[in-house]
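Readers should treat all values here as calculations from the given coordinates under stated rules, not as data from a laboratory. If you're wondering where the values come from, they're calculated on a predicted model, not measured in any experiment. Note that we place each Cβ from the backbone using ideal geometry, even for glycine, and neighbour counts take in every protein chain shown.
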Amino acid sequence: MNNAIYADGKYAVLYLRVSTEEQVDNFSLSTQEDICRKEAEKRGYQVTEVFREEGRSAKSIIGRPVLIQLLEYCRKHKHAVQAVFVYRLDRVSRITADYLAIRKKLTENGVTILSATEPTGDSPTEKLVETILAGFAQLDNDIRSERSRNGLKARFLSGMIVSGQAPLGYSVQSGFAVKSKESWDLMKKAWDLMVTGTKSLQEVADAMNSWGMKERRGKREFIIRAQRVNVLFRNKFYMGILASKTYLEEIKGQHVPMITEEQFYRVQAILDGRNPNKLALARRNHSNPDFPLRRVVRCGKCGMGMTGGWSKGRNARYAYYRCGGTCTGIATKVDILEGSVIQTLKEVTPRKECLDMFIAFLYKTYQQRLSRLNKIKSEADQEIATLKALRKTLVEKNLSGVYSDEVFKEQNVTIEDRMTKAQVVKDDATIDRYNIDDVTTFIRTLLADLGEAYKRSSLSQIKVLLGSIFPLGLSWSQEGTLNREISPLYRSICTFDNGAISFGADERT
């Protein structure tokens, strides 16, 4: 690319994406491109490149080669491209942390992400709104995931398998585990052999393989090994119980038990007897609710993340955060560090008058954008009416012999393509998705008292909250003080003053 030709003017690239879940006909790349080009033109940008990614999920950056190409393109042409236009912000990512990471990387190269259908821009306020909209995209994803998880849990609690696969000896029919014609009797024979206590795991595995038994995983079949035998005979499914590490519950299954409870526990005693040195090892919990700031707050001396643990006193156990590196003396009680974080959040909570003015500004910006999007929809309605009239005329002339069948088909394809684009614009649900009252209620609740927001937040929400307010992180010093630098976005809210707004003029109660 010759940077000399980009000495004047503003230049942008387009990033278009449609996932595997979104059918191309209903959410086409060409429709996105058309809308993005019009928005870029209205904002005074010249489009230099178009990056099209089809059939890629927004759940993670991994597996998005065109997005990676876009980032590399912006890095190589630093200062030659000023913006990336997308149809909606969730085209970049539906994961807030991933979206913010991508935006940061582009910002480092002087590139701004601009949405063709949402209020985005370069001002601190517009960037904050952009972050909130990215959060709503993740919220939408999380709600869908939660519904899916709730459905799976309901299925589990009803005694039905949720993995789609049943252990050896069973098969799945219409979602239910039933006796397998091929392996039920052989697996029961294996249990009878195991309960005698006279065979080793390897001998049982050899016997099962000699009977022609194979375990199917997906579409592949595997011979049975000693380690697998140990796993199979630990499964409570065979005595009619569904156990789950996910739900931490045991439910009576709807399937037919292969063995009795007595047989199962007799085999467990046999298996445990073969491992006299067996220890109960605690699983490492990366998201421990006892230490929500673990790895979030860093050691002020070496920069390593603080870790959490319990210390045993004379009469009780005490929770501490400590340096995760080799520093000594960098430790504090959990309530002291978390109290310091909450106090810091309260100190950076914006004043009520600033928050009121900021929300009034959001309403004014929203109304301006809403008016424009309604105009776009009205234009789409007019175009659809025109296209329907054209198609009617086309059909009439084809029937009367004025247009041949070949001409009719060619012109009809063109009309259908234009009709699809216009219909997508008309039916797009972006406006309804981000209800301004819901957004401002969320903002007011969050920013009214950041300390209380911290207390209400889950572990994942705490990371997002602190990461957005303190982008460079928090560090705990040896003197017991919390060091932090506030994000310019939040600093602008704390001192918000927009002379273009008459206080309360556009705010709703």
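Here are the numbers for this structure:
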quantity	calculated
Peptide ranges 181-192, 153-164 listed from the most packed, as the mean C-beta count within 10 angstrom indicates	181-192, 153-164
Projected label distance in nm at SER200 and ALA97, using a 7 Å step from Cα toward the beta-carbon	4.5 nm
Relative contact order of the range 352-494, defined on C-alpha pairs under 8 angstrom at six or more residues apart (%)	25 percent
The range 328-427 - percent relative contact order, Cα under 8 Å, separation 6 or more	31 percent
Net length gained if the chain between LYS392 and GLU41 were fully extended (0.36 nm per residue, minus Cα distance)	123.0 nm
Ranked packing of 374-385, 316-327, most packed first, by mean Cβ within 10 Å	316-327, 374-385
Förster radius 41 Å - calculated FRET efficiency between THR107 and VAL402, Cβ distance, rounded to 0.05	0.10
30 Å Cα-Cα reach of LYS352 towards lysines, excluding residues that sit fewer than 8 places from it in its own chain	LYS104, LYS127, LYS364, LYS455, LYS463
Amide H contacts under 5 Å for THR120, placed H, 5+ residues apart	SER115
Computed FRET value (nearest 0.05) for GLN368 with ARG228, which takes r as the C-beta separation and R₀ as 51 Å	0.20
Under 5 Å, built H, 5+ apart or other chain: amide partners of TYR403	ASN398
